[in-house]
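Please read the structure below before turning to the comments.
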Amino acid sequence: MYSRRAMYKRKYAAPKTRIERKKKEKVPATISKPVGGDKNGGTRVVKIHKMPQYYPTEDVPRKLLSHGKKPFSQHVRRLRASIKPSTVLIMLTGHHRGKRVVFLKQLASGLLLVTGPLTINRVPLRRTHQKFVIATSTRINLSGVKTPNHLTDAYFKKKRLRKPRHQGEIFDTEKEKYEITEQRKADQKTVDSQILPQIKKIPQLRGHLRSVFSLSNGVYPHKLVF
Amino acid sequence: MVFKCYMEIGRVAYISFGLHAGKLVAIVDVIDQNRALVDGPCSGVRRQAMPFKCMQLTDFVLKFPHSARQKYVRAAWEKEKINTKWKATRCAKKIEARERKATMTDFDRYKVMKAKKMRNRIIKHEVKKLQKASTQKGSPKKGAAQKALDAKVSAKKIPSKKAEGQKAAPAQKGQKGSGQKAPAKKGPAQKAAPAQKAAAPKAKK
């Protein structure tokens, strides 16, 4: 079946002896790393796999298998049927409670991205929770409006002030006061400039967005049609 | 108070609550103290017994003998044109207005609020003008001024405000005089503009 030359080739390599087979590739156990500072010698030899520094006195019992417990990032995001993009929402909590805002889209965390627009009611591009919002049936035509892609949860996340490094000034932390970045202003402008012409098309809608929702005598939320 | 409407054969009644709430029926026969045999061929109510309590009398009476068949009730109903007559009554209009008010959306409520505000401003303006005129000209004119004011106020009544709110052009306000300075402050500017342009008073629907 094989040609005689191939047969000869196959036979030519000397078979691996037992000793050679047992001799494995030696995995390096240590590595030498550079170390700073004068008079320290340039390098240290460091073990790659160290011995454990702690052995528990009791064995940790095996956890039972759980089912369907997902981390927050993998949760299913739902949106109320009454909330659709370009719906006018009434904010119920927060600094802007009572204000009517325009809904843009739902972010990956499930929060809603809304905007005032800023020139109408001083609500910037902001996140709100859909539970704390009343969805009205008023809609704007935002079919041609594109919200920038970089408006994600990470963009809107609150920044923590840096912990003081030095022991002296404990109270004087940086980034204490929130400042509106230029990026935010630019994004606000791009989004609002697309929405405002659509708002102007519907008569009286601008005034409606400027007004604030409130209850008065004889007005019952369960009887109102929004 | 002497009663003018009676529960009689042929009386058209409005059903106020229950399964057939809001519909008109004709009383065909009386069963006992509390119930009547009732039929509403033109309003989608089958012939059935109905308690008097859920019926409210209207002004209309049909002419048919007691226990008449549905065919004759329908004939009498259509002859009298009850459906159109009922729609023209104040009662029916009020009911309709109430229903429309209940289904107003948030945006509609805002528009109605603006319309009311505008209208009240116009009325107040007229009142002030008349008051000023009457004080300047002395007391004998006050009676005439009061009558003129009443006429103006009644002319400004808007029967169904919601219709206007929904049309998104509620500039159909009656006005008197051309020297109107409708306030263009917070009120929607587009309303003030057509209001100022109109010289003759617009008829209200």
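The values are calculated or read from the model by the stated rules, or taken from the named source; none is laboratory data. Here the structure is a predicted model, which is why all the values come from computation and not from measurement. All Cβ positions, glycine included, derive from the backbone under ideal geometry; neighbour counts span all protein chains shown. Protein only, heavy atoms only, side chains kept; ligands, DNA and RNA dropped before computing areas. Shrake-Rupley method; radii C 1.70, N 1.55, O 1.52, S 1.80 Å.
So, in region B:54-106, of the ones that are within 14 Å of chain A (Cβ to nearest Cβ) and touching a residue at least 12 places away in the same chain (Cβ under 8 Å), which residue ends up surrounded by the most Cβ atoms within 10 Å (Cβ to Cβ)? Step by step, filter region B:54-106, then rank; the result is B:Met104.
Quick check on this structure: which one of A:Leu113, A:Leu104, A:Leu89 is assigned to a strand (DSSP E or B), touching a residue at least 12 places away in the same chain (Cβ under 8 Å) and within 14 Å of another protein chain (Cβ to nearest Cβ)? So the residue among A:Leu113, A:Leu104, A:Leu89 that is assigned to a strand (DSSP E or B), touching a residue at least 12 places away in the same chain (Cβ under 8 Å) and within 14 Å of another protein chain (Cβ to nearest Cβ) is A:Leu89. In region A:200-222, the residues that are on the phi > 0 side of the Ramachandran plot form Cβ pairs under 8 Å with partners that are in a loop (DSSP other than H, G, I, E, B), at six or more places apart or across chains, as follows: A:Gln204/B:Ala168; A:Gln204/B:Pro188.
Any residue at all in region A:62-79 that's closer than 25 Å to A:Val225 by Cα and either open to solvent by 60 Å² or more (accessible area, probe 1.4 Å) or within 14 Å of chain B (Cβ to nearest Cβ) (or both)?
yes
When A:Leu111 is tested against (1) open to solvent by less than 10 Å² (accessible area, probe 1.4 Å); (2) modelled with pLDDT of 90 or more; (3) in contact with a Lys or Arg (Cβ under 8 Å, 6 or more places away or on another chain), only condition (1) is not met.
If you go through region A:80-106 and keep only what is buried (at least 16 other Cβ atoms within 10 Å of the Cβ) and under 16 Å from A:Asp187 (Cα atoms), you end up with A:Val102, A:Phe103, A:Leu104. Annotation for region A:181-196: no member residue is within 14 Å of chain B (Cβ to nearest Cβ) and not in a helix (DSSP H, G or I). Scanning region B:42-57 for residues that are closer than 12 Å to B:Gly18 by Cα and assigned to a loop (DSSP other than H, G, I, E, B) yields a total of 0.
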